[in-house]
Amino acid sequence: MGSRIEIEAPAKVNLTLDVKGKRADGYHELETVMHQIDLVDRISIGVTDDAGTRIKLTSNSGDIPGDESNLAWRAAQIFLDRNHLRAGVEIFIEKNIPVGAGLAGGSTDAAAVIQGLNALLGCRFEKKALLEMAAFIGSDVPFCLLGGTAVARGRGEILEPLYMKGPLFMVLVKPDFGISTAEVYQGLDLNNVAEWPDTTAFLKAWEKYDIINLSKNLANVLESVSISKHPEIKTIKEMLINEGAINALMSGSGPSVFGIFETVERAQNAAEIMKNNYREVFLVSSYERRGDCY
Ligand code: C5P
């Protein structure tokens, strides 16, 4: 041992997010289309023989913790414990994905740690075992490990990969506040949802790479909960549509909002204008996973 690896950890957006009901375990039964974008954290992972060191996590960002409250730290611990490995793990996170944003920033870092440790150890663990570990860490982590685009069901761990015929061009805006996912789910009243997604119609448009119709079918049942607390989310949606987006939607539990554009040029123009009002504006496109073992 004593080797190091660098891995990209992409953010995700939810193109649809439907909640089918509340479960006995307190979680919600989901049906959501998750889509990775090319806004990435860069994770450097090293393994040493020094078991005394255990897990050390550092970052260029002051926004994330360096202890067990960080999902990436927990991923390393669970990986070592479940596989009965005695080793030290050093993680450095170059943070580019906004924190507390509905973009799975913490989950994707955790997935990258699992992927990286497996690669450093000669890809010796099965995909099924890694996905199971990922689900234990958090609801979004299995998707982040799978990558690309997928329909996620159950708590988020039942995944159906989707083939992508072409990229989506988006402008992503993160307002200057964060949102607690748990609070948004708590505030969800399924008898009082403003707009339900039609996942079947979305998937039909997705299969045809029909950008207009897939954009028209963007919907997220958590959006009205977050908008009721933070009306600025609605303002951002309207601004993106005014600047030429076919449609715009909040991602996950928010507060990030993305707009889909027909061309990269239109997205570029809109991004420039949004930058006059918001500090965190990103011109992004679909992220295609490069093949590696996990
Ligand atoms: O699994 P994770 O810890 O990322 O979830 C964060 C919170 O989001 C949970 O504590 C729960 O309140 C909510 N959640 C949910 N149903 C899901 C996923 C998350 O209620 N399927």
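Structure summary
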quantity: Accessible area of the chain belonging to carbon and sulfur atoms, whole % at 1.4 Å probe; calculated: 47 percent
quantity: Tilt relative to the chain, helix 105-120 - C-alpha long axis, 0 to 90 degrees, to 10; calculated: 40 degrees
quantity: Over 27 Å between alpha carbons, listed pairs K127/K237; K12/K208; K95/K237; K128/K216; K20/K204; K22/K95; calculated: K127/K237; K128/K216; K22/K95
quantity: Förster radius 22 Å - calculated FRET efficiency between L190 and M164 (Cβ-Cβ, nearest 0.05); calculated: 0.10
quantity: Antiparallel content of DSSP bridges confined to region 1-100, in %, to 5; calculated: 85 percent
quantity: J(HN,Hα) series, region 123-138, from Karplus relation 6.51 cos²θ - 1.76 cosθ + 1.60, nearest Hz, glycine and proline x; calculated: 6, 7, 9, 6, 3, 4, 5, 5, 5, 5, 4, 4, 5, 5, 6, x
quantity: The chain - accessible surface per residue (Å², probe 1.4 Å); calculated: 44 Å²
quantity: R0 of 45 Å, Cβ-Cβ distance I241-S69: FRET efficiency to nearest 0.05; calculated: 0.75
quantity: Mean ellipticity per residue at 222 nm, deg cm²/dmol - from DSSP H runs of n ≥ 4 across the chain, formula -39500 (n - 2.57); calculated: -9500 deg cm²/dmol
quantity: Rounded to whole Hz, the Karplus (6.51, -1.76, 1.60) HN-Hα couplings of region 87-92, x for glycine and proline; calculated: 7, x, 10, 10, 10, 10
quantity: Projected label distance in nm at E132 and Y278, using a 7 Å step from Cα toward the beta-carbon; calculated: 4.0 nm
quantity: Local electrostatic count, R155, Cβ distance below 9 Å [Lys/Arg +1, Asp/Glu -1]; calculated: -1
quantity: The chain: relative contact order in percent, alpha carbon pairs under 8 Å with at least 6 residues between; calculated: 22 percent
quantity: Amide proton proximity set for S59, modelled H, under 5 Å, gap of 5+; calculated: I93
quantity: Backbone HN-Hα couplings from phi across region 261-267 [Karplus 6.51/-1.76/1.60, Hz, Gly and Pro as x]; calculated: 10, 6, 9, 5, 5, 5, 5
quantity: For Y287, distant residues with modelled amide H under 5 Å away; calculated: Q36, I37, D38
quantity: Placed amide H near N96: partners under 5 Å, 5+ positions off or other chain; calculated: D41, R42
quantity: For the chain: rounded, prolate or oblate by the Cα gyration tensor [a/c cutoff 1.5]; calculated: prolate
quantity: In nm, spacing of pseudo-spin labels at R289 and E31 (7 Å Cα→C-beta vector); calculated: 2.3 nm
quantity: Net charge of neighbours whose Cβ lies under 15 Å from the Cβ of I91, counting Lys and Arg as +1 and Asp and Glu as -1; calculated: -3
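The values are calculated or read from the model by the stated rules, or taken from the named source; none is laboratory data. What you see is a predicted model, and the numbers here were worked out from it, not measured in a lab. With ideal geometry, Cβ positions are generated from the backbone for all residues, glycine too; neighbour counts draw on all protein chains shown. Ligands, DNA and RNA are excluded from the accessible area calculation, which covers all protein heavy atoms including side chains. Shrake-Rupley method; radii C 1.70, N 1.55, O 1.52, S 1.80 Å.
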